[in-house]
Amino acid sequence: MARFSVALVLVLACWTASSSAAALSVEDKLQQLTDSYIQLKEVVGAKNAELQAQLEQQQLHHNEIKTELTSKISQLEAKLQQQGKAHPSSPVYFYAQRSAPFSTLATPLPFDLAVLNVGNAMDLATGKFTAPRAGIYAFSFSGMALFPATSGVYVWLSASLVLNGNVVGSAEVDEANTVDDQWSPLFLQSTLSLQAGDQLWLEIEYDTAGVMLHDDADHYTHFNGWMLDE
């Protein structure tokens, strides 16, 4: 009986030990799985955070490129618009010359040579420029006054730019104690806002006896005009 009891105790002890060992093994595996899950979750979380940071950086870079492109497009549109304004749709410019003297007062100065007359706004025979449409126009005139011989007195010549019958600018040259066939240049420039149909011309406003606007085959008289903007 005593031996049976001891044997039973030993069997129970062995069974208990075996059961405990099995239970610990499952717990260890569960713990390992739990640890692995936690580690995997941390790795996935870190990777997600990294990807999110990369996406945010790419989005920021995309926004910067978009902003830069939008700015450049706006600048190009403004430049094109400005160029469109600076260059009229239909060019208007002329360059007229004379080849003979002229001295008639208060009369539009006629021309006999058109080096350029784009737009046909300059009428050489009448000497009048007619604005084909509203806009900003620039004009330039240069000529050569021819003086006779004088002693102790002033002689002069004045040329005026006339718009619709009103003087808008003048140029004058005067001399004293001149010698025969003495020449002196005179110049005139103007920028005007014209309406369609406005007429502009040059004329000798006043001079003294014997003085004239000199010219010959070398063309000393130059009248230029061009449209700047419309």
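Miscellaneous remarks
- His87 passes every criterion in (1) open to solvent by 60 Å² or more (accessible area, probe 1.4 Å); (2) closer than 30 Å to Thr221 by Cβ; (3) at pLDDT 75 or above apart from (3).
- Pairs, first farther than 14 Å from Pro110 by Cα and touching a residue at least 12 places away in the same chain (Cβ under 8 Å) in segment 195-218, second open to solvent by 50 Å² or more (accessible area, probe 1.4 Å) and among the aromatic types (Phe, Trp, Tyr), C-beta under 7 Å, six or more apart: Asp207/Trp156; Thr208/Trp156; Val211/Trp156
- Residue list for segment 208-229, restricted to those being within 12 Å of Phe141 (Cβ to Cβ) and either among the aromatic types (Phe, Trp, Tyr) or more than 29 Å from the chain's Cα centre (by Cα) (or both): Leu213, Tyr220, Thr221, His222, Phe223
- With respect to being touching a His at 6+ places or on another chain (Cβ under 8 Å) and hydroxyl-bearing (Ser, Thr, Tyr), Ser140 fits the description.
- If the condition is being among the small types (Gly, Ala, Ser) and either modelled with pLDDT under 95 or in contact with a strand residue (DSSP E or B) (Cβ under 8 Å, 6 or more places away or on another chain) (or both), then segment 94-109 contributes Ala96, Ser99, Ser103, Ala106.
- All positions within segment 97-125 that are more than 19 Å from His214 (Cα to Cα) and either in contact with a His (Cβ under 7 Å, 6 or more places away or on another chain) or part of a loop (DSSP other than H, G, I, E, B) (or both): Gly119, Asn120, Ala121
- Considering residues of segment 189-213 that are open to solvent by less than 20 Å² (accessible area, probe 1.4 Å) and of a type outside the set (Val, Ile, Thr) only, the residue nearest to Thr178 (Cα to Cα): Leu213
- Qualifying residue in segment 153-164 (condition: in contact with a Ser or Thr (Cβ under 9 Å, 6 or more places away or on another chain), modelled with pLDDT of 95 or more and among the aromatic types (Phe, Trp, Tyr)): no
- Any chance Met227 is touching a strand residue (DSSP E or B) at 6+ places or on another chain (Cβ under 6 Å) and either without any contact (Cβ under 8 Å) to a residue 12 or more places away in the chain or closer than 23 Å to Asn120 by Cβ (or both): yes
- Boolean, Gly127 is closer than 15 Å to Ser103 by Cα, more than 42 Å from the chain's Cα centre (by Cα) and small (Gly, Ala, Ser): no
- Checking Arg98 against (1) over 17 Å from Leu192 (Cβ atoms); (2) open to solvent by 60 Å² or more (accessible area, probe 1.4 Å), the condition it does not meet: (2)
The values are calculated or read from the model by the stated rules, or taken from the named source; none is laboratory data. Computed from a predicted structure; not experimentally measured. Backbone-built Cβ (ideal geometry, glycine too); neighbour counts: all protein chains shown. Ligands, DNA and RNA are excluded from the accessible area calculation, which covers all protein heavy atoms including side chains. Shrake-Rupley method; radii C 1.70, N 1.55, O 1.52, S 1.80 Å.
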